[in-house]
Amino acid sequence: MKNFEELGVSKNFVKGLNELGIITPTEIQNKVIPILINSNTDLVGQAQTGTGKTAAYGLPLLHKVNPGLQKVQGLILCPTRELGQQIAKQLFKFTKYSAKIFTEAVYGGAPIERQINALRRPTHIVVATPGRLIDLVKRGDVDLSNVKTIILDEADEMLSMGFKSELDEILGFIKSAENKWLFSATMPHGIKQIVNEHLSANATRIEVSSKNVVNKNIEHQYLVCEERDKLHALVQFLKSEGTNRGVIFCRTKATAKKLALQLVAKNIAAGAIHGDLMQKERDKVMRAFKNESLRLLVATDLAARGLDIEALSFVVHYQLPDKDEYYTHRSGRTARAGKNGISLCLVSTPEMKQLNFYEKSLGISFQQINLNY
């Protein structure tokens with residue numbers, strides 16, 4: 001197993017990584033960092049959320065930026081505001097001991113004027129959601145003419161959110177980029193189209209098997225109960241967890257809204273985040289959760305993209321996810337930074353076969369629990 005210095009990462013960045021507790025490269029980092037640092041190339045990486053993609057593309061990107069040139073040289077596109085903010089924060093932490101490389105995150109749902117003012121400061125890397133970036137380009141408030149590296153992170157998510165035409169448009173703006181790196185958990189037809197149209201025919205292709213991505217410190221549990229008993233079972237589980245904090249995942253916005261209200265009615269401090277919330281309301285819920293005045297967050301999969309929350313003891317799958325890779329993403333909200341955590345599925349008898357599928361495809365094993373109710 002190589003360390004980051006052996007992969008070609010500069011000592012100053014390695015110092016920043018060590019401080020974050022990032023010591024041993026993950027599989028995707030091992031495979032892509034040497035390729036991306038040592039050459040200009042197009043790359044397609046297939047890897048789930050939770051595999052360490054941000055460092056896999058972020059470190060080579062930082063190597064390619066000239067801190068002395070006060071122009072936007074790198075562009076990262078991602079599906080949501082939260083993920084954009086998280087990426088920008090990570091890059092900032094990586095550069096703690098290096099020459100200053102400035103990253104700005106821009107996204108919809110926030111005042112554009114504030115973002116325009118921020119972009120007037122020296123900016124080397126822009127992290128953006130596709131719609132907001134196009135608005136800024138059309139207004140002449142961001143100049144992409146010096147961009148040498150463009151990264152599409154969670155490309156399949158951007159596609160499922162309806163950003164295909166925006167991605168085509170943005171990739172059309174910067175045909176001369178020397179590096180186009182696309183990362184996606186799945187490769188649907190629309191992603192293959194983008195790859196064929198905008199990336200080099202001999203782009204490097206890297207795939208990381210999902211078996212290696214599930215955190216070993218997570219205990220995967222399940223409780224069999226019928227739909228009508230789920231709320232009661234959940235409340236019993238929450239009682240057994242004392243004051244521990246966690247996230248409860250729902251498949252639909254309607255269920256997330258309803259469940260949060262039901263928990264509040266039972267004097268359990270919960271808040272919901274889902275796609276129907278205004279950004280201001282969403283920020284308010286997240287603030288309350290981060291400062292621990294809320295014990296629980298009830299979330300849909302898309303709303304939880306890019307959430308970076310410390311010290312969560314558990315996640316509960318109130319409804320199983322639509323997509324298999326979401327199970328890994330949901331579970332990865334707990335057991336962070338070397339701690340242990342629980343991932344509990346509330347399932348009906350017919351849903352058991354889905355758990356068997358997760359066991360095979362993700363290389364994990366589930367343990368049945370019974371609560372006294």
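Taken together, the values in this text are just the output of simple stated rules run on the coordinates, not laboratory data. Computed from a prediction, not measured in an experiment: that's the story for all the values here. Because the Cβ atoms are built from the backbone with ideal geometry, glycine has one as well, and the counts that use them run over all protein chains shown.
A few notes on this one:
- Of everything listed in (1) more than 17 Å from Ser293 (Cβ to Cβ); (2) outside any helix (DSSP H, G or I); (3) over 21 Å from the mean Cα position of the chain (by Cα), the single unmet condition for Asn244 is (1).
- Where helices (runs of 4 or more DSSP H) sit wholly within segment 1-120, none has at least 2 residues that are on the phi > 0 side of the Ramachandran plot.
- Exactly one residue out of Ser200, Ser240, Ser165 is surrounded by fewer than 16 Cβ atoms within 10 Å (Cβ to Cβ), out of contact with any Ser or Thr (no Cβ under 7 Å at 6 or more places or on another chain) and farther than 24 Å from Val72 by Cβ: that is Ser240.
- Comparison of Thr95, Thr80 shows that the only residue that is touching a residue at least 40 places away in the same chain (Cβ under 8 Å) and closer than 17 Å to Phe13 by Cα is Thr95.
- When Ala299, Ala272 are checked against the criterion of being within 23 Å of the chain's Cα centre (by Cα) and over 24 Å from Tyr358 (Cβ atoms), a single residue qualifies: Ala272.
- Count of residues meeting criterion [small (Gly, Ala, Ser) and over 20 Å from the mean Cα position of the chain (by Cα)] in segment 96-135: 3
- Filter pass, Arg287 being more than 24 Å from Glu351 (Cβ to Cβ), basic (Lys, Arg) and either touching a strand residue (DSSP E or B) at 6+ places or on another chain (Cβ under 9 Å) or part of a strand (DSSP E or B) (or both): no
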